[in-house]
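Data block below; observations after.
No value in this document is a laboratory result; all are computed from the given coordinates. Here the structure is a predicted model, which is why all the values come from computation and not from measurement. Here the Cβ positions follow ideal geometry from the backbone for every residue, glycine too, while neighbour counts run over all protein chains shown.
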Amino acid sequence: MGLMAGELKQRGAALITALLFVALATVAATYMVKRQYFDIRQTSNIVSIDSANMAAMAAESWAISFLAQDLENEETKNYDDFAETEKRKEGLSSPYGEDGTLTGKIFDLQGRFNINNMLVWDKDQKKLIIDKDQVAIFKRLIENINKSGDPTEPDYVEIPIEIVEKLVDWIDEDTDQTGQGGEDDIYAGMPIPHKTPNNLIASTSEILLLEGIWDETNKTAIFNRLEPFISALPQRTPINFNVSSKELIAAMVDGISITDAEGIASDLENEPKEKPAEIVKAFKELKLFQGKEKKNNDAKAALAKLEKEKMFEVMTEYFQIEIQAEVAGVIGRLKSQVRRRKKDGYIFVYARGRGSI
């Protein structure tokens with residue numbers, strides 16, 4: 001009996017060992033199957049992401065060729081107008097492969113206020129200095145945007161005018177604080193310390209780095225309200241008033257009312273001008289430029305200065321291309337800024353980002 005009991009114990013232990021090995025093998029097999037599944041999904045996602053990004057790049061090339069073709073088709077038309085600008089903004093959508101779609105939009109950047117126009121090269125000092133007249137234009141633009149909104153709307157936000165002085169200190173070369181602006185001493189005390197660039201800004205999104213004018217609850221809403229009216233181009237540029245807003249037109253010279261600006265914008269939408277001089281003429285026809293009082297003379301002088309600086313244009317060189325590519329459920333976004341040179345029509349990308357610039 002003792003021998004049989006010992007044999008039974010050994011058989012029981014062997015059975016338990018066998019079951020343990022089976023369990024371990026099952027766990028290992030399950031892990032391997034899961035790992036293989038996740039590896040396959042990961043590889044599939046990587047392939048889809050790469051495909052979406054490649055599709056977005058292809059769509060960028062398509063948009064560039066569209067701008068080139070647009071120029072070739074209108075060899076005798078040396079201006080961009082409101083109708084074609086709106087058509088580009090609406091964009092086009094096209095199927096891509098078996099399960100993908102491409103959507104592309106093109107935005108005019110020269111009908112906006114170029115923030116970098118607030119810097120001008122001073123030949124005597126041999127450096128970039130602040131152009132106070134352009135700063136004043138930017139302030140009036142923000143005031144006009146705020147006035148054109150409806151405060152009773154639930155999504156209404158007011159753009160703080162302090163943005164202007166903050167931006168002036170952000171781009172100017174000195175370390176002297178401008179009004180309610182902020183220089184290196186403020187930004188050096190941030191959780192992630194940094195300095196102001198003291199140069200041209202590369203993107204309008206740099207506004208989001210400004211301190212002391214908003215909190216996290218309204219920052220994005222304020223930027224989204226301002227962004228359609230501004231650009232950050234790599235050099236000083238004139239404004240294409242054929243495609244500009246009434247808010248910017250009214251901001252160009254102190255004293256132009258929104259009503260007068262709306263009239264100019266409407267006329268330019270219906271009958272775009274072919275030469276910058278015709279834009280200037282449209283301004284001069286306003287009542288503000290007809291009188292002989294001080295405000296009239298000041299307005300005439302301001303307009304003459306803008307004309308001398310060649311700030312009036314009817315043709316756009318700078319555009320932003322926004323692409324969305326969807327491949328196998330994966331979405332790729334691309335923003336590219338391009339220049340279509342006026343003198344020869346050559347087009348090139350000077351800034352590019354995934355989702356933002």
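Once you order the gyration tensor axes a ≥ b ≥ c over the Cα atoms, which shape class does segment 244-357 get: rounded for a/c under 1.5, otherwise prolate or oblate by comparing a/b with b/c? Prolate is the answer for segment 244-357, as a/c is 1.5 or above and a/b outweighs b/c. The HN-Hα couplings worked out from phi for segment 311-318 by the Karplus form 6.51 cos²θ - 1.76 cosθ + 1.60 (θ = phi - 60°) are 8, 10, 8, 10, 10, 9, 9, 10 Hz, whole numbers, x standing for Gly and Pro.
Rg and Dmax, both from the Cα atoms of segment 50-119 and both in Å, are 15.1, 50. Per residue, the average separation of C-alpha pairs within less than 8 Å and at least 6 apart gives the chain a relative contact order of 23 percent. Of the residues Thr101, Thr204, Thr17, the one with the fewest other Cβ atoms within 10 Å heads the list, and the complete ranking is Thr17, Thr101, Thr204.
Counting only residues at least eight positions apart within a chain, or on another chain, the aspartates and glutamates with an alpha carbon under 13 Å from that of Lys294 are Asp254.
In terms of Cα to Cα distance under 24 Å, which lysines are near enough to Lys105, apart from those fewer than 8 places away along the same chain? Hits, sequence-local ones excluded: Lys77, Lys87, Lys89, Lys246, Lys335, Lys342. With N as its number of residues, the chain has a Cα radius of gyration that, divided by 2.2 N^0.38 Å, comes to 1.47. For the peptides 151-160, 110-119, the ranking by packing is 110-119, 151-160, with the highest mean count of neighbouring Cβ atoms within 10 Å listed first.
Remark: Arg88, Arg354 ranked as Arg354, Arg88, counting other beta-carbon atoms within 10 Å and listing the fewest first. Going by neighbour counts of Cβ atoms within 10 Å, the residues Arg333, Arg341 line up, fewest first, as Arg341, Arg333.
Describe numerically, in nm with one decimal, the distance between label points set 7 Å from Cα along Cα→Cβ at Ile186 and at Lys147. Modelled inter-label distance: 2.6 nm. Phe348 sits among other residues whose Cβ lies under 9 Å from its own Cβ, and their net charge, with Lys and Arg +1 and Asp and Glu -1, is +3. Filter the cross-link list Lys166/Lys195; Lys132/Lys273; Lys287/Lys308; Lys123/Lys295 down to pairs whose alpha-carbon distance in this structure exceeds 25 Å. Table pairs above 25 Å Cα-Cα are Lys132/Lys273; Lys123/Lys295.
Going highest first, how would you order 304-315, 125-136 by mean Cβ packing within 10 Å?
So the peptides 304-315, 125-136, ranked by packing, come out 304-315, 125-136.
Net charge dipole, segment 61-130: roughly 520 debye, given to the nearest 20, about the Cα centre with Cβ charges of +1 for Lys and Arg and -1 for Asp and Glu.
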